[in-house]
1. Can you tell me how much longer the chain between LEU49 and SER72 gets when fully stretched, taken as 0.36 nm per residue apart minus their C-alpha distance, in nm with one decimal?
2. As a footprinting exposure proxy, order THR32, THR22 by other Cβ within 10 Å, with the fewest listed first.
3. Report the extension gain between ASN13 and VAL58 in nm, rounded to one decimal, defined as 0.36 nm multiplied by the number of residues separating them, less their alpha carbon distance.
4. Tally Lys and Arg at +1 and Asp and Glu at -1 over the other residues with C-beta under 10 Å from the C-beta of PRO42: what net charge comes out?
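Where a number appears in this text, it was derived from the coordinates with a stated rule and is not lab data. In this text, all values refer to a predicted model and were calculated from it rather than measured experimentally. Cβ coordinates were reconstructed from backbone atoms using ideal geometry, including for glycine residues, and neighbour counts include every protein chain displayed.
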Amino acid sequence: MGFFHFFRHADINHRLETYDATPDALLVDVRTPGEYSEGHIPLSRNVPLQQIEDIRHVTACKNTPLFVYCHSGARSGEAASILREMGYTRVENIGGICSYLGRLERGNNTVLSRHTVFRTALQS
């Protein structure tokens, strides 16, 4: 592990593949409800960092795999630490939605991420 490993952020796109392959895993968005409603990863649950203790209402099982994200990865890192302190044993900070390349949901509608819109514009 080199010096710059400390500065390396989680690749949310790669980590979502791990999430998809993990049975009974939960995807947790720790951004504010307003941020979540503006666009979130499909099938994610919103448990804001300020209310992270409420995760027990989503899953009381401390062995449930939790994949946690936010905007940049900072809040999700803090949330992951708190969840581990709460006794959750399978917690992974997958980084920030700002580098997510897939679709976003807004309410019941699926919208394209800015990366997909940019790629589509280039192909036109």
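1. On the way: separation 23, 0.36 × 23 = 8.28 nm, distance 1.33 nm.
So the chain would gain 6.9 nm between LEU49 and SER72.
2. Numbers: THR32 17, THR22 13.
Lowest count first: THR22, THR32.
3. Contour length minus the Cα-Cα distance gives 13.8 nm.
4. Working: positive: ARG103; negative: GLU105.
My count for the surroundings of PRO42 gives 0.
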